[in-house]
Structures are given as C-alpha cells and as structure tokens.
1. With a 10 Å cut-off between alpha carbons and a GNM built on the chain, which of 70, 118, 103 moves the most?
2. Probe radius 1.4 Å, ligands and nucleic acids ignored: give me the carbon and sulfur share of the accessible area of the stretch 67-152 as a rounded percent.
3. Rounded, prolate or oblate, given the Cα gyration tensor of the stretch 1-115, with a/c below 1.5 counting as rounded?
4. Can you give me the accessible area per residue for the chain, using a 1.4 Å probe, in Å²?
5. Could you tell me which of the pairs 118/143; 130/197; 103/224; 12/197; 25/118; 103/134 are separated by over 27 angstrom between their Cα atoms in the structure shown?
6. What number, rounded to the nearest 500 deg cm²/dmol, is the helix-based mean residue ellipticity at 222 nm of the chain, given -39500 (n - 2.57) per DSSP H run of at least four residues and division by all its residues?
Amino acid sequence: WWIEVSGVEEPKTDHPLWSLQTTNKRTGGDTWRCNECHGWDFLGRDGAYGSGSHKTNFPGAYNVRHMSIKDIEAILLGSTNPNHNFSYVLDYDSIYKLALFLKEGLVNMRLYISYEDKRPFRSNPEHGKKQFEKECVKCHGAKGNQLNFGTDSKPEYIGTIANDDPLEFVHKVRFGQPGKIMPALRIKLKLSEEEKKMPSGIQTGYTMDDVMDILEYARTLPQK
C-alpha cells in the first residue's frame with residue numbers, strides 16, 4: 001500500500017502485532033502487508049498460509065465481507081485491537097477503499113483451486129491463451145518471461161508464480177500489481193502512459209472462469 005498511497009513510506013520496523021508470532025521470520029515492510037498475515041486467500045491460519053514459512057497463526061479476514069463498510073473501517077482503525085489501527089499510515093480515503101475491497105472483492109478460493117495440487121478445478125487453457133495473448137503478452141512477452149519479478153540468480157516469472165503460488169497469481173490478475181513499470185523498460189516495450197501500470201482484471205471484465213483459464217495456461221509457461 002505504500003507504493004500506491006501518495007506521501008507514504010515503506011515501514012522499516014515490524015508491525016506492532018508481529019511479535020505475537022514466531023513462525024514467520026519476515027521483517028520490516030513485509031510484516032505490514034495484509035496478505036502476509038491473512039494470506040492471498042484471506043483465510044489466515046485456516047488457509048494456504050496455515051503452514052509453511054508464511055505461517056503466522058493470525059485469523060483470516062474473509063468473513064468481514066458480511067459486515068458493513070463502517071464496521072470494517074472500525075476494525076482497520078483499531079476497534080478490535082488498538083495495534084491494528086492503520087490510521088497513522090493510511091488516510092481515510094485509503095481506509096475506505098480497503099474496507100470496500102474487503103466487502104466486495106473477496107471470493108472463496110477453495111471453490112476454484114485445489115490447495116493440494118495448486119491447479120484450478122475447472123479451466124479452459126486454450127481460452128486462457130487467447131486472453132493472455134490479448135492482454136498480457138505486451139508486457140510479459142509470449143513466454144511470460146519478459147519481466148523478472150525475482151533476481152538474476154533466482155528469477156521469477158508468470159509461470160513461476162502460477163505454479164508456486166496460484167492464489168497470489170489470481171489476486172494479481174484480478175486486481176493488478178502495485179507500482180509502475182520502470183521508465184526504461186516501458187520505453188523498450190513501447191508502452192503508452194496508460195499502459196505503465198498492470199491492468200486490473202476487474203476493470204477488464206474478467207470473470208473468475210476467465211481468471212482460472214489464464215492461470216491454467218500460465219502454468220505451461222517457463223518457470224526458469
């Protein structure tokens with residue numbers, strides 16, 4: 001969120017609640033990311049991050065979608081725990097948008113993806129390929145490895161994420177990636193000013209079936 005919110009810097013210290021757990025060894029800004037506590041499926045300890053290196057044993061946020069926007073805002077302002085008060089790092093407009101996302105944007109990922117083999121239950125990879133070639137290929141390339149999200153020694157491409165963490169992949173397809181493509185790379189790719197940020201599948205009009213189709217096709221792309 002510090003990338004998207006103007007005038008906000010990445011936190012350098014751990015989130016106040018982080019000391020309540022010892023299993024997740026991440027520090028600093030990572031501890032302030034909602035997904036690090038609640039998971040990309042927002043199920044927290046009951047979801048994909050209930051085990052492994054991301055485990056924190058914090059509860060999920062999925063069920064807040066049944067609450068009113070006002071009540072969700074109150075949680076983000078510390079009503080249930082004063083250490084969960086984000087008002088000193090996020091302005092009210094950002095708090096509202098986050099509450100609106102939690103109210104309207106969450107889906108039950110267990111209905112779409114097998115947590116055991118990390119594949120969609122139902123998909124049409126041929127349709128996914130068409131969607132990829134229509135929307136994604138310009139920035140990511142035909143093989144999905146034109147942009148490296150990792151490092152030179154440990155690269156991470158679309159195919160990597162689709163296979164390793166499909167829940168993150170789905171979130172990014174649905175809502176985009178924070179930040180902008182670096183100017184030099186944007187010029188190299190001949191992208192317009194409007195194309196400097198990853199588009200949101202919600203705005204594009206993707207259904208969850210579309211997203212599953214793209215995920216299944218992306219699983220066939222190079223991982224290294």
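1. Fluctuation is largest for 70.
2. 51 percent
3. Taking the square roots of the gyration eigenvalues as a ≥ b ≥ c, the stretch 1-115 is oblate.
4. Details: 12890 Å² over 224 residues.
On a per-residue basis, the chain sits at 58 Å².
5. 103/224; 103/134
6. Result for the chain: -8500 deg cm²/dmol, rounded to the nearest 500.
The values are calculated or read from the model by the stated rules, or taken from the named source; none is laboratory data. None of the values given here were measured: they were computed from a predicted structure. Ligands, DNA and RNA are excluded from the accessible area calculation, which covers all protein heavy atoms including side chains. Shrake-Rupley method; radii C 1.70, N 1.55, O 1.52, S 1.80 Å.
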